[in-house]
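My questions all concern the structure below.
Rule-based calculations on the coordinates, nothing more; no lab input. All values reported here derive from a predicted model rather than from experimental measurement.
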């Protein structure tokens, strides 16, 4: 009886293993899909973009420890944001931030999170995300510009211009003293 249970368990294991996609073939499918879909095409063909996001997520599901996983998740977040799925983009970025703290472009994920909140009109959360980015990565090439833009997040172009003109006039008056 025990031999029969062991044999059934072994067959189940083999069956489950055969259902798992091959790493290299999945990478090749992703590469092929990426080549067929440029960012210009994302809005024009949501189904191709959704398919690519699905392939990225499938790869990560079966290869979470692979060095390609945070890269693919970052790409999925970027595509989701371009599709207007900012909540999905933020969730994917949070996954990269939490699951892959040693990812080489972690700074880009923090910045993109602020951008996604900004796109979604969640300006307070955008400011928080950008401030976190600047605090964690003060030497990043985007940090200086981000610091300067923080006060203007959520402002209309007209309000931004007025604020700049007001601060410029104040600085000119201060220089006269």
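Could you give the length gained on full extension between residue 157 and residue 140, defined as 0.36 nm per residue of separation minus the Cα-Cα distance, in nm?
3.5 nm
If you don't mind, another one. Hey, how much of the P(r) for segment 98-159 falls beyond 16 Å, as a percent of Cα pairs?
Roughly 42 percent, once rounded to a whole number.
Can you classify segment 42-99 as rounded, prolate or oblate using the Cα gyration tensor, where a ≥ b ≥ c are the square roots of its eigenvalues, rounded means a/c under 1.5, and otherwise it's prolate if a/b beats b/c and oblate if not?
Verdict is oblate for segment 42-99.
Please work out how much length the chain gains when fully extended from residue 125 to residue 62, using 0.36 nm per residue of separation minus the C-alpha to C-alpha distance, in nm with one decimal.
19.5 nm
Let me ask something else about it. Quick check: convex hull of the Cα atoms in segment 73-129, volume per residue, rounded to a whole Å³?
Value for segment 73-129: 60 Å³ per residue.
Quick one: give the max-minus-min coordinate of the C-alpha atoms of segment 19-176 along each principal axis, largest first, in Å.
74, 34, 23
Let me ask something else. On a full-extension model of 0.36 nm per residue, what is the gain between residue 32 and residue 132, subtracting their alpha-carbon distance, rounded to one decimal in nm?
32.4 nm
Percent relative contact order of segment 19-176, based on C-alpha pairs within less than 8 angstrom and at least six residues apart?
Result for segment 19-176 is 13 percent.
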